[in-house]
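Accompanying notes for the structure given below.
The values are calculated or read from the model by the stated rules, or taken from the named source; none is laboratory data. Here the structure is a predicted model, which is why all the values come from computation and not from measurement. Counting neighbours? That spans all protein chains shown, and the Cβs are built from the backbone with ideal geometry, glycine included.
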Amino acid sequence: MTGTTWHDDVSPQARVLSAAMKAVLKPTLSMWPLTDGGIKAIGHVDRVVDRLPKPPRVTIDQVVLGGVPCEETTHPRTATGSLTGATVLYFHGGGFVFCGLATHRGACAMIAARAGVPVYSVEYRQIPYGGIGTSIFDAMAAYRAASATVADPSKIIVAGDSAGGYLAMKVAELAVLEGLTPPAAVLGFSPLLNLDLRSHSRAFMKRDAYLPMKQVLALEDRWMNGPDAIPGAASPIDADPSVFPPVFLSSAQYELMRPDVEAMTRKLEKAGQIVETHVWRGQVHAFPVLAGVLPEGRETLRCAVDFAARHL
């Protein structure tokens, strides 16, 4: 499949989640201070989630890739066919300020179970410990180390949601620019593809269920002003489309990232690249991360893994 598929059905779970986020989470984030102290405080979310029970039927090990802490998640099921020997390198979202290994453990476990391959979740540095360039530095360090250690370096799938989707696309771009074995596929869930969010309609952006536009724009300077420069194109949408392997993208109908997901889809199609995009009505930003409670999230992860299997 190439192009964009729309999904119209909205589950009761999705309706409740969207309403709750609009009523509670968005107002809270709108008022949250973006000082170092405020950002460190919101970082406690991952530590709180870390106390919850781990996903069942998977094994989770703490590992290090290129000096970067990671979690390796494996499932007793072993891949067959094209996914044999494959590995997923996953970059969590969170606007480069919060979330981490714990918040994305469930999604990584579902990918590991569906694909039957190990999933490495990468704990890259975020604000206030560095800007986007620092996050990219850690992402590339993990990718280089994975390329040197996994069963088949030609079968590394890079994946991520939101800010992590940005990192997955940057790793694909930079691997080619550095002459490394490139990823076999990119799986992006509501990926951040364009750092210039001011270029989009404010009226559309206001309809995002929980990301307040004012706060996202306030982060731009902190994203760009870290100690490490952004190598290559600042925004994946401005990169040479020929560097990208097969790309899977998903988005909610009303969220900050959708305009650029659709623009990236058109750009890849025009360049003759393989791209498959799914847009879901009634969902929230990065909803596949909540696949444990959202049937639409589980279906998106299934579509993504199946896409990778078809194109490896």
Residues of region 12-26 satisfying the condition of being exposed (fewer than 12 other Cβ atoms within 10 Å of the Cβ), within 30 Å of residue 129 (Cα to Cα) and of a type outside the set (A, V, I, L, M, F, W, C): none
Within region 159-241, helices (runs of 4 or more DSSP H) holding 1 or more residues that are at pLDDT 95 or above: 163-177
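Within region 242-261, can you find the residues that are touching a Ser or Thr at 6+ places or on another chain (Cβ under 7 Å) and surrounded by fewer than 19 Cβ atoms within 10 Å (Cβ to Cβ)?
First, the residues of region 242-261 that are touching a Ser or Thr at 6+ places or on another chain (Cβ under 7 Å): 249-252, 255, 257-258, 261.
If the condition is that a residue be touching a Ser or Thr at 6+ places or on another chain (Cβ under 7 Å) and surrounded by fewer than 19 Cβ atoms within 10 Å (Cβ to Cβ), then no residue fits.
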Filter result (touching a helix residue (DSSP H, G or I) at 6+ places or on another chain (Cβ under 6 Å) and either within 12 Å of residue 91 (Cβ to Cβ) or not in a helix (DSSP H, G or I) (or both)) within region 141-150: 143
Cβ-Cβ under 7 Å pairs, at least 6 apart or on other chains, region 93-107 side within 12 Å of residue 289 (Cα to Cα), far side in a loop (DSSP other than H, G, I, E, B) and hydrophobic (A, V, I, L, M, F, W, C): 93/99; 93/286; 106/291; 107/291
Neighbours by Cβ (under 6 Å, 6+ apart or cross-chain): first from region 163-174, in contact (Cβ under 8 Å) with a residue 40 or more places away in the chain and among the hydrophobic types (A, V, I, L, M, F, W, C); second assigned to a helix (DSSP H, G or I) and buried (at least 24 other Cβ atoms within 10 Å of the Cβ): 167/139; 169/236; 171/139; 171/143
Residue that is nearest to the chain's Cα centre (by Cα) [pool: residues in region 123-135 that are closer than 17 Å to residue 69 by Cβ, surrounded by fewer than 24 Cβ atoms within 10 Å (Cβ to Cβ) and modelled with pLDDT of 95 or more]: 123
Residue in region 208-228 that is over 16 Å from the mean Cα position of the chain (by Cα), buried (at least 16 other Cβ atoms within 10 Å of the Cβ) and free of Cβ contacts under 8 Å to residues at least 40 places away in the same chain present: no
